[in-house]
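To start, the structure under review is shown below, and the notes come after it.
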Amino acid sequence: MQRLYVLIVGLMVSIQMAGATTNYVDRYGTNPTPNYTNWATAATNIQLAVDVAAVGNTVLVSNGVYDTGGKITPSYALTNRVCATTAIILRSVNGPNYTSIKGQPSPNGLMGTGAVRCVYLAGGASLIGFTLTNGYAMTNGTMGNERGGAGVMVETSGSVSNCVIVGNYGDRYGGGVFLNNGGTLNNCVISNNSNIAYGGGVASIGGTINNCIIVNNSLGTLGGGVMARANTEINNCLIAGNITTAGSGGGLFLWFSPVKLNNCTIVGNDSGASEGGGINFYQCYASLTNCIVWGNTSTYGTSSNIYNQATQDFSYVCSGPTKAGTGNTDSDPQFVGPATGNYRLTANSPCVNAGIYQSWMTGAADIDGHRRLDKFSGIVDMGCYEYVPKGTIVTVP
């Protein structure tokens, strides 16, 4: 992830040098002067710079915790620490380890009037390289726009890349992230978020989720890690250790067609008191290709990994019991260290060289940044990690 962030930074610097306008933000600035066109006159909260940024501008943010400022979502009531509704780029200088956007709970009790979400994106806005934490949604109002996406909500278009989304609290549709009718989530860590229903970590309606780690999120019902529906696609993701306390789909709850999962590792999730510790398919046609669904738990032991599977398309999937379809297996995937959360493959894993090529893999990386398609054999592995022999360098150029 760090290597990919460096590449993105280099690309953005090149664009800036080519003449794109930049608006600057410095939490510790001493002379904020609109339009914040250099570090000496930088805004001291991000929203000030967003408000003056023209379409195509970059809002460049220095190190710090950004917990002041904000703007209400257009046509709604929830306040966002950052609200960007045009095609601008919001980027930190040094990445999520150094730069945070922090929401706040309602003074009337966690979620409710006065709560502050971390970020709202619409109109093609992009967010790169932040930690988003302590965001809260409301318990009243519209289902997603005011009650979900406490870490970040992406409306229709836009993207979130190389971010850490941790410790946010929603009511409906995504404790951490809500992709509403589109939007893309790339190379992010989504962990320890909480929601009452529809996706503890991520809720997606028609969004795309690539190379993300979605772990240790929780909610009451329907998708501890992810709730996905209506043309959502999930590629190269680790979905592990998520839980529903009173509902189904500890790892994923897939709802309404179609949904696609490619090269995902779904492991160690728990559906608590209901079905589908790994995945619950509900009124949904989905395809799983090159995926590992293993070691999940639920009250109903026969559906610990996958529930409601009758109409699904499984190809090159490792899950017990064996699924009907091409290339599927119920053999133990032999992870390196499941007890410590290491779900990479050992040399003897039946998932090594057991996948099938898909067009998106050429030039793509696995979740560690290793080449997804073996340049010698042209064969891929199941799951989000390619097996890499010790000492071998196979990173994407």
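The rows are residues; the columns are (1) within 16 Å of Asn80 (Cβ to Cβ); (2) out of contact with any Asp or Glu (no Cβ under 7 Å at 6 or more places or on another chain); (3) basic (Lys, Arg); (4) in a strand (DSSP E or B).
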position	(1), (2), (3), (4)
Tyr24	no, yes, no, yes
Arg27	no, yes, yes, no
Pro32	no, yes, no, no
Asn35	no, yes, no, no
Ala40	no, yes, no, no
Gln47	yes, yes, no, no
Asp51	yes, yes, no, no
Ala54	no, yes, no, no
Leu60	no, yes, no, yes
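Residues that are farther than 27 Å from Thr340 by Cα, among the aliphatic types (A, V, I, L, M) and buried (at least 24 other Cβ atoms within 10 Å of the Cβ): does region 223-230 have at least one? Yes, region 223-230 contains a residue that is farther than 27 Å from Thr340 by Cα, among the aliphatic types (A, V, I, L, M) and buried (at least 24 other Cβ atoms within 10 Å of the Cβ). Within region 353-397, take every residue that is surrounded by fewer than 17 Cβ atoms within 10 Å (Cβ to Cβ) and of a type in the set (Lys, Arg) and give me the one that is modelled with the highest pLDDT. Applying the filter and picking the extreme gives Lys390. Being at pLDDT 90 or above, part of a strand (DSSP E or B) and either small (Gly, Ala, Ser) or within 16 Å of the chain's Cα centre (by Cα) (or both) is a property that Leu254 has. All conditions but one from (1) at pLDDT 95 or above; (2) surrounded by fewer than 24 Cβ atoms within 10 Å (Cβ to Cβ) apply to Thr113; the one that does not is (1). Take region 287-301 and flag every residue that is crowded, with 24+ Cβ neighbours inside 10 Å and modelled with pLDDT under 90. Result: Ser298, single match.
Please go through (1) within 14 Å of Ala53 (Cα to Cα); (2) surrounded by fewer than 22 Cβ atoms within 10 Å (Cβ to Cβ); (3) of a type outside the set (Lys, Arg) for Asn97 and return the number of the only condition it doesn't satisfy. Of everything listed in (1) within 14 Å of Ala53 (Cα to Cα); (2) surrounded by fewer than 22 Cβ atoms within 10 Å (Cβ to Cβ); (3) of a type outside the set (Lys, Arg), Asn97 misses just condition (1).
Do we find that Thr156 is under 11 Å from the mean Cα position of the chain (by Cα) and surrounded by fewer than 24 Cβ atoms within 10 Å (Cβ to Cβ) in this structure? For Thr156, the condition - under 11 Å from the mean Cα position of the chain (by Cα) and surrounded by fewer than 24 Cβ atoms within 10 Å (Cβ to Cβ) - is not met.
What number goes with the only condition from (1) under 14 Å from Thr99 (Cβ atoms); (2) buried (at least 21 other Cβ atoms within 10 Å of the Cβ) that Asn80 does not pass? The number of the failed condition is (1). The residue list Gly220, Gly249 contains one member that is part of a strand (DSSP E or B), farther than 24 Å from Glu155 by Cβ and over 10 Å from the mean Cα position of the chain (by Cα), which is Gly220. For beta carbons closer than 7 Å, sequence separation of 6+ or different chains, a first residue in region 30-46 that is under 15 Å from Arg91 (Cβ atoms) and touching a residue at least 24 places away in the same chain (Cβ under 8 Å) and a second that is surrounded by 13 or more Cβ atoms within 10 Å (Cβ to Cβ) and small (Gly, Ala, Ser), the qualifying pairs are Ile46/Gly69. Strands (runs of 3 or more DSSP E) fully within region 261-369 that include at least 1 residues being of a type in the set (Lys, Arg): 342-345. Going by the conditions given, is Thr133 farther than 23 Å from Cys237 by Cα and not basic (Lys, Arg)? Against the criterion (farther than 23 Å from Cys237 by Cα and not basic (Lys, Arg)), Thr133 does not qualify.
The values are calculated or read from the model by the stated rules, or taken from the named source; none is laboratory data. Worth saying up front: this structure is predicted, and the values here are computed from it rather than measured. Every residue, glycine as well, gets a Cβ built from its backbone with ideal geometry; the counts of neighbours run over all protein chains shown.
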